[in-house]
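Data block below; observations after.
The values are calculated or read from the model by the stated rules, or taken from the named source; none is laboratory data. Every value quoted in this text rests on a predicted model; they were computed, and no experiment measured them. As a convention, Cβ positions derive from the backbone with ideal geometry for all residues, glycine included, and neighbour counts pool all protein chains shown.
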Amino acid sequence: MSLTIAERHRHILNLLNEEGVVNVQDLSKELNVSSVTIRKDLKVLEDRNLLFRTHGSATLKNPYINERPVNEKEKIHAEEKLRIAKRATTLLEPHDSIIIASGTSVIEFAKQIDHHLELTVLTASLNASSALVNSQNIEVIQLGGSVRRSSSSVIGPFAENMLSEFTCNKLFMGVDGIDIPFGLTTTSSMEASLNKAMLKVAQKVIILADSSKFGRRGFGRICGLEKVDILVTDSGIDPRFKSQIEEFGIKVIVT
C-alpha cells in the first residue's frame, strides 16, 4: 500500500476511530513505511490535537489522568456511578466483612447499602464512614492515617499496618484507570500502596468503575487484572475491552 502523507493521516485517524488505539509497528507494516515515518505522522497529528501519542502507539483520548478533588469527580458520570453502586450492593450478603476503599464510585456504593443488612465495614474513606455511621446493624471500622484531602480518605503506613490485623471476604474498590496490559491504577502512589495492602487481606476483589476509566492510566499502579474477581461497570464499556477483561477470568457485570 503506497499512500500520500495526507492519505496516511486519514487512514490513521480512520483506524483510530474504529479501534481506539493504533500501534507504530503495525502501521509501519500495513502502510509499508518505516516506523520513523509513522512516528512523524503521529507527531503531526498530535500537534493538530487529533490524537495522543504514547510509547509505541497512539490513542484518541489522553490516557493519562490528572488528579481532581472528590467533590468535582463525583459530578462526572454521576448517573453511571449510581447504577454501578446499586448493582454492586446486590453482591453483599448478611454478615459480610468488607473493605470499602476510596473514590467516588465506592462512596456512592456506601450510600446505597441497605442499613438493615448486618455487615462489618473496614474503610479508608471518610465519606463512606459518614454514610454508614448511623446504621445500627453495620459496624464501621475507620482506618487511621494521614488524610488525603483530594479524596477525603486516609493513606500511609498507619493505615497499611492496621489493615494487616484484619481479613475480609470482599473488597470494593474504585480506580482511576484500567489499562489491559498495565492493570489498575490511581493518581496517587500512596493510595495505590494502601490498595495493595487491601488486596492482601481480601478474599474477593470487586472493582467499581465507569466506562470512562478504560484505556487510561494513573500515576500509581495497584495491580494487574489477574487479581480481580468481579468488575461492575456501565453499558458504555467498549465490547472489545469487555472481552479482553473476561479473558482474565473476571466476571463483568454491566449495568
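Points to keep in mind about this one:
- Of the candidates Ser164, Ser153, the single residue that is within 26 Å of Gly224 (Cα to Cα), at pLDDT below 95 and touching an Asp or Glu at 6+ places or on another chain (Cβ under 8 Å) is Ser153.
- If you go through region 1-59 and keep only what is on the phi > 0 side of the Ramachandran plot and at pLDDT 90 or above, you end up with just Asn32.
- Residues of region 29-49 classified as exposed (fewer than 14 other Cβ atoms within 10 Å of the Cβ) and in contact with a strand residue (DSSP E or B) (Cβ under 8 Å, 6 or more places away or on another chain), total: 2
- Summed over region 179-211, the residues that are farther than 23 Å from Arg149 by Cα, in contact (Cβ under 8 Å) with a residue 60 or more places away in the chain and either out of contact with any Gly (no Cβ under 6 Å at 6 or more places or on another chain) or of a type outside the set (Gly, Ala, Ser) (or both) give a count of 5.
- The set of residues in region 157-173 being of a type in the set (D, E, K, R) and surrounded by 13 or more Cβ atoms within 10 Å (Cβ to Cβ) consists of Glu160, Lys170.
- Just one residue in the set Val36, Val22 is β-branched (Val, Ile, Thr) and not in a helix (DSSP H, G or I); that residue is Val22.
- Some residue of region 220-230 being in the same structural domain as Ile100 (by TED's automatic domain parsing), over 29 Å from Leu119 (Cα atoms) and touching a Ser or Thr at 6+ places or on another chain (Cβ under 9 Å): yes
Yes/no matrix, rows are residues, columns are (1) among the small types (Gly, Ala, Ser); (2) over 22 Å from Ser188 (Cβ atoms):
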position: Ala101; (1), (2): yes, no
position: Ile107; (1), (2): no, no
position: Ser135; (1), (2): yes, yes
position: Gly156; (1), (2): yes, no
